[in-house]
Amino acid sequence: MAGTLKYVMWLGVSGSLLLGCSSKPESDSRALTLPVQPEQAHVTDQVQVAGLDLVLWNQSGGCQLQLGKSPPSVWLKPMAPCHFIKSPGLNRVQVFRLDKTTQVVAVVGTPAKQWRCGQEVQGLVISGGQVTPSAHIMQGSVYCADQGLQNFQYGLFTKPLKP
């Protein structure tokens with residue numbers, strides 16, 4: 001006697017879709033967890049600074065920077081979702097002017113429990129139409145996009161790391 005295969009689909013406790021397949025009675029079928037599809041890339045924040053369009057992308061859990069209309073190409077250290085640090089009480093990006101030609105903005109990521117807060121901050125140094133991610137990463141605290149940073153913190157992003 002030839003057996004027949006029976007497919008059974010149901011939602012598991014964690015909300016994942018489960019699929020069972022068996023030629024035995026339904027009570028003996030085994031569950032097969034389907035792999036979760038990777039999250040589609042999407043924009044988490046964008047701003048214009050010094051005439052440049054800067055866009056932050058959540059790309060498979062990583063934070064990627066797009067400059068202008070070119071595809072996102074610069075990976076940042078903080079994990080997604082990431083956001084530009086805003087001036088406290090205002091809905092605009094906080095820009096630190098180091099000198100006449102150099103400006104710095106900061107990106108917060110590696111999410112904490114609070115909304116738009118993270119555990120890592122990286123600076124973007126803008127000079128001469130170029131954007132360079134800082135070597136210095138602020139860690140060890142919770143930073144929130146809407147609370148701003150102090151000037152001395154922005155200054156840290158402009159210094160090379162000490163060996």
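Computed with a 1.4 Å probe on the full set of protein chains, the accessible area for F152 sits at about 140 Å².
With K and R counted +1 and D and E -1, the other residues having a Cβ less than 14 Å from that of N151 yield a net charge of +1. Rg then Dmax, both in Å and based on the Cα atoms of the range 89-163: 12.4, 38.
FRET efficiency for Q40 and K159, Cβ-Cβ distance as r, R0 = 30 Å, nearest 0.05? Approximately 0.20, to the nearest 0.05. Averaged over its residues, the range 94-143 has an accessible area of 51 Å² per residue, based on protein heavy atoms and a 1.4 Å probe. When a 1.4 Å probe is rolled over the protein heavy atoms, the share of accessible surface on the range 64-163 that falls to carbon and sulfur comes to 55 percent. Remark: the A135-M79 segment gains 18.6 nm on full extension, using 0.36 nm per residue and subtracting the alpha carbon distance. The range 77-141 and the range 42-69 have their alpha-carbon centroids 12 Å apart. Summing charges over all other residues whose Cβ lies under 14 Å from the Cβ of V93, with Lys and Arg as +1 and Asp and Glu as -1, gives +1. Stretching the chain fully between L52 and R92 yields a gain of 12.9 nm (0.36 nm per residue, less the alpha carbon separation).
Among residues other than G128 with Cβ under 15 Å from its Cβ, the summed charge is +1 (Lys and Arg +1, Asp and Glu -1). Annotation for K113 and K69: the two label points, set 7 Å from Cα along the Cα-Cβ direction, are 4.6 nm apart.
The values are calculated or read from the model by the stated rules, or taken from the named source; none is laboratory data. Keep in mind that what you see is a predicted model, and the values were worked out from it rather than measured. A quick note on method: Cβ atoms are made from the backbone with ideal geometry, for glycine too, and the neighbour counts reach across all protein chains shown. The area values use the complete protein model at the heavy-atom level, side chains included, leaving out ligands, DNA and RNA. Shrake-Rupley method; radii C 1.70, N 1.55, O 1.52, S 1.80 Å.
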